[in-house]
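*Asks:* Next up is a structure, given as structure tokens.
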Amino acid sequence: MTLIKKALLGTALAAGALAFVSTTASAAIVCSGNVCWHVTERYDYPPEAKVTIYEDSWRWSPHEKYRWREREGRGYWRDDRWITW
């Protein structure tokens, strides 16, 4: 394989990897009251959900008391119930 072909192949692989990373970067942390969970898509939550959406790198401070409750799908936690819409 010539040097030019190797360079083109490397460029194509790098572009493909970059495209993959940029499409998975929409992760976020959503909190309702003191309950938080991870989401892979940013939804427009209904007003009654009363959620706060943070960047995936968000962390609460030591004096704050949150808990994780993971759940897949579109919805939000209200007390101990998962509300789907």
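*Asks:* Contact list please: Cβ distance under 8 Å, first residue in the range 53-71 and hydrophobic (A, V, I, L, M, F, W, C), second residue surrounded by 11 or more Cβ atoms within 10 Å (Cβ to Cβ) and modelled with pLDDT under 90, pairs at least six apart or on different chains.
*Replies:* Close Cβ pairs satisfying both conditions: I53/R42.
*Asks:* Can you confirm whether Y76 is assigned to a loop (DSSP other than H, G, I, E, B), surrounded by 13 or more Cβ atoms within 10 Å (Cβ to Cβ) and aromatic (F, W, Y)?
*Replies:* Numbers: assigned to a loop (DSSP other than H, G, I, E, B): no; surrounded by 13 or more Cβ atoms within 10 Å (Cβ to Cβ): yes; aromatic (F, W, Y): yes.
No; evaluated as a whole, the condition is false for this residue.
*Asks:* Here's a follow-up. Within the range 69-84, how many residues turn out to be under 14 Å from the mean Cα position of the chain (by Cα) and among the acidic types (D, E)?
*Replies:* Total satisfying the criteria: 2.
*Asks:* When you scan the range 36-55, how many residues do you find that are in contact with a Lys or Arg (Cβ under 9 Å, 6 or more places away or on another chain), surrounded by fewer than 15 Cβ atoms within 10 Å (Cβ to Cβ) and assigned to a loop (DSSP other than H, G, I, E, B)?
*Replies:* Result for the range 36-55: 2.
*Asks:* Continuing with this model, one more query. Please work out which one of (1) modelled with pLDDT of 90 or more; (2) of a type in the set (A, V, I, L, M); (3) surrounded by fewer than 10 Cβ atoms within 10 Å (Cβ to Cβ) is the condition L3 fails and give its number.
*Replies:* Status for L3: all satisfied but (1).
The values are calculated or read from the model by the stated rules, or taken from the named source; none is laboratory data. Everything quoted here is computed from the prediction, not taken from an experiment. Every residue, glycine among them, receives a Cβ derived from its backbone with ideal geometry; neighbour counts consider all protein chains shown.
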